[in-house]
Structures are given as C-alpha cells and as structure tokens.
Amino acid sequence: MLTFLKLGGSLITDKTREGVFLEDRAVRLADEIYAAWSAGVGLRLLIGHGSGSFGHFAARKHRTMEGVSTPEQWRGFAEVGRTAARLNRLMADALAGAGLPVWPIQPSASAEGSSGSLKLLEIRPIRAALDHDLIPLVYGDVALDTTRGGTIISTETIFFYLAPLLHPQHVLLFGDVEGVLDEAGQVIRRITPGSLSEVEAALGGSRGVDVTGGMASKVRDMVKLVERTPDLTIHILSGMAPGLLRDALLDPAFAPGTVICAD
C-alpha cells in the first residue's frame with residue numbers, strides 16, 4: 001500500500017515568524033511515522049513537506065510565484081530554493097533520527113512548469129527509492145517555467161503530478177487544523193467534485209504567509225486529483241494531536257478530518 005503523506009508548513013514551522021523550525025514537533029511526528037512504518041503492515045511511503053516560514057517568506061519578498069525575469073528576480077529565485085532546501089535538511093534529519101530510511105529528493109533539480117503548472121518531473125529516483133524500500137522525501141520548491149521563467153511548486157502540485165504515475169491508495173495532508181472548515185468553524189467531513197461549489201465560499205486562505213494559495217488552493221487541487229484518479233482517497237487533517245498521525249497511517253479509512261473523494 002503506497003501512501004502520500006504531506007507534513008504541512010504550518011505544522012513543522014511557525015508560519016508567522018521567518019525561519020522558525022518546530023523541531024520538537026517534527027521529532028514527535030517522525031517518531032509516529034516510524035511507529036506506523038515499522039508495524040509490519042506493508043506501508044510504503046512518499047513524504048512531502050511544505051516550506052512554511054522558510055520558503056514562503058522569501059518567495060513573498062521576491063514575488064517568485066508570479067515569475068522570474070530580471071537578474072534581481074533570478075537571485076531571489078535562488079534564495080527561495082536555498083531556503084526551502086534548508087528546511088528540507090532539517091526535516092530529513094528529524095525523520096532519519098527516528099530510524100526512517102529517508103532519501104531527500106530535490107524537485108527543482110528536474111522540475112519544469114508552464115504558467116505555474118508542473119509539466120515535467122524526473123520520477124526515476126522516486127521509483128528507485130520505493131523499489132528499494134526507501135522513503136523519498138520531496139518538498140515545496142522553486143521550478144523553471146517555460147512561460148514565467150521561474151515559479152513555485154507546492155507539495156500538493158508535486159503530488160498531483162506523481163499520483164497518476166505512482167498510483168497511491170491514500171493521500172494524507174497534515175496541517176495545524178482539523179480539516180477543511182466551514183464558515184462556522186466546523187469541519188466539512190466530505191468533499192467531492194459535485195459538492196465543491198457548495199463549500200467554496202467557506203474556503204479561506206492560510207494562517208501566516210503562504211504564496212501558494214492556502215486551503216482554498218489545496219482543496220481545489222485535490223478535487224481535481226480525485227477526478228483524475230477516482231480510486232484515490234484524500235484526507236485533510238491535523239497533526240497537532242499526538243498519536244493521530246500514526247493511527248491515520250495504520251488505518252487511513254478511519255482517519256478523522258475532511259475526506260476528499262470521487263462522487
């Protein structure tokens with residue numbers, strides 16, 4: 001069973017303060033992942049993480065999402081890439097420290113987009129990692145773009161590209177909220193392509209800095225993904241409660257939060 005797992009930037013960093021990695025929480029999450037991975041249930045993982053208060057602050061400063069053309073913008077593009085990679089090293093160390101055979105794979109080394117959409121990403125290293133019982137670790141990163149020069153690709157964008165090629169059964173997106181919330185602050189338990197229009201009014205942005213669109217963009221991308229791969233089930237849920245990540249990995253069908261699935 002292959003599961004795509006995202007650790008949101010809001011979960012592993014303080015998105016209101018630049019460059020603040022929440023190491024204690026990251027270590028706790030890594031321990032929970034190891035507990036599930038080592039439980040002997042045949043769990044195969046691809047892990048991604050957001051850029052949180054690392055990449056998003058730099059990307060907002062340089063407006064990298066909008067495009068890259070001038071020498072100053074290209075220097076900013078490189079800064080965003082370095083900053084995102086710095087967080088990736090910290091998260092990789094936390095996962096490896098828990099005993100997980102994680103292999104960080106830099107998306108920007110092969111990614112190419114067009115008008116902000118990811119069109120190309122080398123998947124041979126990812127396939128090799130999975131074939132050899134390693135855990136590939138990707139992350140929100142910069143990418144070359146044939147229209148914009150350069151741009152930002154989120155972890156969800158990478159998952160969207162990889163899912164039809166790698167065929168995961170589940171996608172688990174962990175953040176710092178319980179799921180997708182309606183206007184009254186209650187969790188919307190189920191979203192399908194047919195019900196998306198009913199809940200769009202409740203979709204807000206992101207607490208802190210997020211250049212990739214926050215919750216609204218996340219939900220729309222994931223609805224498109226289940227339209228493309230109807231057998232896939234996606235959960236958006238919180239990693240704040242100890243033990244929940246472990247339990248969700250062991251039995252995704254009973255995970256709380258918001259489920260996004262085909263109609």
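Each reported figure results from applying straightforward, stated rules to the coordinates on display, with no laboratory input. Note that the structure is a prediction, hence the values are computed from the model and not measured. A quick note on method: Cβ atoms are made from the backbone with ideal geometry, for glycine too, and the neighbour counts reach across all protein chains shown.
Within the chain, which complete DSSP H helices have Cα atoms spanning at least 24 Å along the helix axis and a mean Kyte-Doolittle hydropathy of -0.5 or higher?
On the way: long enough: 71-97 (39 Å, -0.33).
Sorted by number, the helices that extend far enough and score high enough are 71-97.
Under 18 Å between C-alpha atoms is the cut-off here; go through segment 2-260 and count lysine pairs that meet it, provided they're at least eight residues apart or on different chains. Could the numbers behind the result be given before it?
Values: K6/K15; K6/K218; K6/K224; K15/K61; K15/K218; K119/K224.
Lysine pair count for segment 2-260: 6.
Extension gain for F254 to S115 (0.36 nm times residue separation, less C-alpha to C-alpha distance): 46.3 nm.
Of the residues T146, G99, I47, the one whose Cα sits farthest towards the positive end of the charge dipole of the chain is T146 (charges of +1 on Lys and Arg Cβ, -1 on Asp and Glu Cβ, taken about the Cα centre).
Can you pull out the trypsin sites (Lys or Arg not before Pro) in segment 1-73 that DSSP calls coil and that have at most 16 other Cβ atoms within 10 Å? Those satisfying the criteria are R17, R63. Mind checking which of W74, V180, T233 is farthest towards the positive end of the chain's charge dipole, using Cβ charges of +1 (Lys, Arg) and -1 (Asp, Glu) about the Cα centre? Checking the options against the dipole of the chain, the answer is W74.
When you restrict to C-alpha pairs under 8 Å that are six or more residues apart and normalise by the size of the chain, the relative contact order lands at 23 percent. Orientation-averaged projection of segment 104-193 equals 7.6 nm² [convex hull of Cα atoms, one quarter of hull surface area]. Computed from point charges on the beta carbon alone (+1 for Lys and Arg, -1 for Asp and Glu), the dipole magnitude for segment 2-260 about its Cα centre is near 420 Debye.
Here are labelled values, [x] 10; [y] 14; [z] 18, and one is the computed percent of Cα pairs over 34 Å apart for what I pasted. Which one? Checked against the structure: label [x]. Since only I135, P168, P125 are under comparison, the one whose Cα sits farthest along the positive direction of the charge dipole of segment 76-179, derived from C-beta charges on Lys, Arg, Asp and Glu, is P125.
Under the 0.36 nm per residue contour assumption, what length would be gained going from the current alpha-carbon distance of R17 and E200 to full extension? The partial results should precede the final answer.
On the way: separation 183, 0.36 × 183 = 65.88 nm, distance 2.86 nm.
Length gained between R17 and E200: 63.0 nm.
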